[in-house]
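A.B. asks: Could you have a look at this structure, given as structure tokens, before my questions?
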Amino acid sequence: MSIDADIEADAGVSETVERLGQELGEAITSLPEYERYESAKAAVENHEDAQERIAEVEQLREEFMLARQIGEADQADLQALQSAQAELHDLPVMEEYLEAEAALNGRLEAINDAISEPLDVDFGQTAGGCCED
């Protein structure tokens, strides 16, 4: 086989793998776990109270992180953040979102395991671009 034929064969394999990856992504969007997640995400995005509480938690988290960086964070700041986050998570719409997210993550981990098995690497970890020494 010539070098040009090898290059063409490699390009064909690459195209096939990329096409299969795209098909896998499309198939994942048809999973019940994905559909539940997308529905729950939309419900949270359209829930006024949830959005207000999310903004509050993000503000408290940002303030806590800043206070921690300058050494002024205390237990009361942490408790305020944890309390606001607990109130957010207690909203039924947020509980559904978190459950749907966990179910989707579980399914994606199983898919990752199936892809990783013949590769002898953790595909999800490698595809995430992280380097581990």
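The values are calculated or read from the model by the stated rules, or taken from the named source; none is laboratory data. Everything numeric here is computed off the predicted structure, so don't read it as measured data. Cβ coordinates were reconstructed from backbone atoms using ideal geometry, including for glycine residues, and neighbour counts include every protein chain displayed. With ligands, DNA and RNA removed, areas are computed over all heavy atoms of the protein, side chains included. Shrake-Rupley method; radii C 1.70, N 1.55, O 1.52, S 1.80 Å.
A.B. asks: Say a paramagnetic label sat at a point 7 Å from the Cα of residue 72, along Cα to Cβ; which residues of the range 19-58 have their backbone N under 11 Å from it?
C.D. replies: Nothing falls inside the zone, counting backbone N under 11 Å.
A.B. asks: Further question: Which value, in Å² rounded to 10, gives the accessible area of residue 65 with a 1.4 Å probe and all protein chains present?
C.D. replies: Probe radius 1.4 Å; accessible area of residue 65 about 80 Å².
A.B. asks: If you filter the range 1-110 for GluC sites (Glu not before Pro), then keep DSSP loop positions with at most 11 other Cβ within 10 Å, what is left?
C.D. replies: The qualifying sites are 72.
A.B. asks: If I compute solvent accessible area with a 1.4 Å probe over the protein chains, what percent of it on the range 28-118 is carbon and sulfur?
C.D. replies: 48 percent
A.B. asks: Return the FRET efficiency for the residue pair residue 80, residue 49: r is the Cβ-Cβ distance, R0 is 22 Å, and the value is rounded to the nearest 0.05.
C.D. replies: Efficiency, from the Cβ-Cβ distance: 0.75.
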